[in-house]
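This report concerns only the one structure given below.
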Amino acid sequence: MGLISATGTALLPRVYGPWPLSGSKSKPSLPIRVSLQPPMATAAAAAGDATRRKRGRGGKGPNSDLSRTLTDCTRRGDAAAAMAAFDAAVSGPDAAPDLRLAAHQYNQLLHLLASADRAAFPAHPAAAARRVFAHMLGAGAPPSEATITSLARVVAADAEGADEAFGLVSTMREKYGLAPRLRSYSPVLAAFRRAGEAGKAYAVETHMAASAVSPEEPELATLLEVSAKAGDADKVYEYMHKLRRAVGCVKEETAEVLEGWFRSDKAATAGKAEWDVCQVKDAIVANGGGCHQLGWLQSGLWTVQRVKVGAEGKCAGCGCCLASVDIDMEDTQKFADSISGLALERETKANFSQFQEWLEAHKEYEAIVDGANIALYQQNFAEGGFSLVQLDAVVTELRDRYNGKWPLVILHNKRIAKLMETASNRHLIETWRVNGALYTSPSGSNDDWYWLYAAIGLNCLLVTNDEMRDHIFELLGSSSFFYKWKQRHRVKYTFNKGKAVLVLPPPYSSEIQESETGSWHVPIEEKSGDERARTWLCIGRTDLTKPPPEPPVANGVAQDLSPSEASNGAGQRQPEEQAAPVTGKRKDRD
């Protein structure tokens, strides 16, 4: 008898016939496989295999048919066909009384209904969405935030469904333990805008704030539009400043909303004829140079122009010079406190506290210099090293710009110890020390904390090419003002034939700005990225006499004045041919 395989199949012995002739391509015969299982067992196994194959493919019946249909309809975006299949499976003649779908399949249906083409759908999808959601709850499938958001989106599109949609979103936490997201609120806001229900739109924003959800440009544009249509000048003003804080440049759709408001009769009557000029100027200083936030100034019709802004920040429409906007004083203090707290956690507390005390007694610096970053710049070659010559070139350039005033160089103690071994280096370092231009961070410390805190605490410029992306700066990633501060205060550098070339911060900021006379400048998104091609809205009162261009202000300092003039409050312009230094210091830090 032949052998039996592990599967129960007999392997009969090979029957050997004559050897193939020489050159023949015929192959030896293979073993003949014969099943030893009885016929009934074989049939049962086959039936089991068929059942398993059916289950693997979804099987048959209402559930599997509906699942396949939903998947196909989702792929094609056919909401009408998906709902027809769902209704047939739920209430048709062949309906299954215990039909249950997975939660994601209910979400598929609701998502299809939310994006359905109204022209192709036989009835309004809101009623269909309600049926799906009711069946989902009845089947015990747990809804998610996406479930409620899709349902609210469908219902909000109904002419009378805005209140119901808001109810769905506003109660999802207490009913289902779900946190609403920005996308949950957007369709509700849009519905109240279409209905002209400004008060209800404000209630939505209030609920967003309570849920720690911040509106972005589309939502703020919606709130602006509904406020403008309601003639609510105070709310328009409030949302313009929220828009200013949320975005840099606005999209074309938002620009059109703003144009519509400023050309309206209600906008012309909003404002006051008299105000405290000093209070406005002080508010602009406190807010970093970009706005005063004290309400509409002036009254009368507005002129709205689309203009370009010159390379130095001069508006081609009204002639005003735009500001280089800094973070406000409150955020500056928060930023400094944040750096201090992190440094004290990670540095030797006594060392960093000593530095803070020293810095408090030495507030006169206009620029902080990241010594190691400059001395190691492009030194990755065989003869390269720690170039004190490069560092001295930067110090010299800063002194030339600031009328001989010394910057503060931050260097680690281990660098200084090595440099002092050379006589020429030793002479230069002693010169810096005598003039108060050097602070050495102690052994075991990270000098990044020292130069960053000094630049923030003194609110002055920071000379470094460091992009500030390592682990220290990742700790500050959640600070919304970090990027803005870096853009305004960091000075990059390069060298040309041994001379330092400083790349100062831009002379003006491409963000919404409110002037001390009540005019506005709004940058519109420029997809090319070319600042010269950017279009701005220049918005001012029609009968307002154009003031002479004045230096933009950031944290209290006129940007085209020298540090000494700025600190003394001088307002005289420098000669055209003189290079205008830029500083981020305040007039008074005491």
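The values are calculated or read from the model by the stated rules, or taken from the named source; none is laboratory data. Remember, it's a predicted structure, so these values are computed and weren't measured experimentally. Quick reminder, even Gly has a Cβ in these numbers, built from the backbone with ideal geometry, and neighbours come from all protein chains shown. The accessibility values were calculated without ligands, DNA or RNA, using every heavy atom of the protein model including side chains. Shrake-Rupley method; radii C 1.70, N 1.55, O 1.52, S 1.80 Å.
Within segment 361-462, the trypsin sites (Lys or Arg not before Pro) that combine a DSSP coil assignment with at most 15 other C-beta atoms in a 10 angstrom radius are Lys363. When restricted to Cα atoms, segment 329-503 yields an Rg and a Dmax of 15.7, 48 Å, respectively.
Spatially close Lys pairs in segment 329-503, defined by Cα atoms under 18 Å apart and a spacing of eight or more places or different chains, total 4.
Within the accessible surface of segment 329-503, defined with a 1.4 Å probe on protein heavy atoms only, the carbon and sulfur portion equals 48 percent. Excluding ligands, DNA and RNA, the accessible surface per residue across segment 329-387 is 52 Å² with a 1.4 Å probe. Here the Karplus relation 6.51 cos²θ - 1.76 cosθ + 1.60, evaluated at θ = phi - 60°, turns the backbone of segment 193-199 into coupling constants of 5, 4, 7, x, 8, 5, x Hz, with x for every Gly and Pro. Note on Lys272: aspartates and glutamates with a C-alpha under 20 Å away, same-chain residues under 8 apart excluded, are Asp232, Asp234, Glu238, Asp282, Glu514, Glu516, Asp543.
Could you tell me which of rounded, prolate or oblate describes segment 264-417, using a ≥ b ≥ c as the square roots of the eigenvalues of the alpha-carbon gyration tensor, with rounded for a/c under 1.5 and, failing that, prolate when a/b is larger than b/c and oblate otherwise? Taking the square roots of the gyration eigenvalues as a ≥ b ≥ c, segment 264-417 is prolate.
Whole-Hz Karplus values for segment 413-420 come out as 4, 5, 5, 4, 4, 5, 5, 5 Hz, taken residue by residue from phi with 6.51 cos²θ - 1.76 cosθ + 1.60 and θ = phi - 60°; glycine and proline positions read x.
In order along segment 151-158, phi translates into HN-Hα couplings of 4, 4, 5, 5, 5, 5, 6, 5 Hz, rounded to whole numbers, per the Karplus curve 6.51 cos²θ - 1.76 cosθ + 1.60 with θ = phi - 60° and x for Gly and Pro.
Full extension of the chain segment joining Glu531 with Ser144 gains 135.0 nm, where the gain is 0.36 nm per residue of separation less the Cα-Cα distance.
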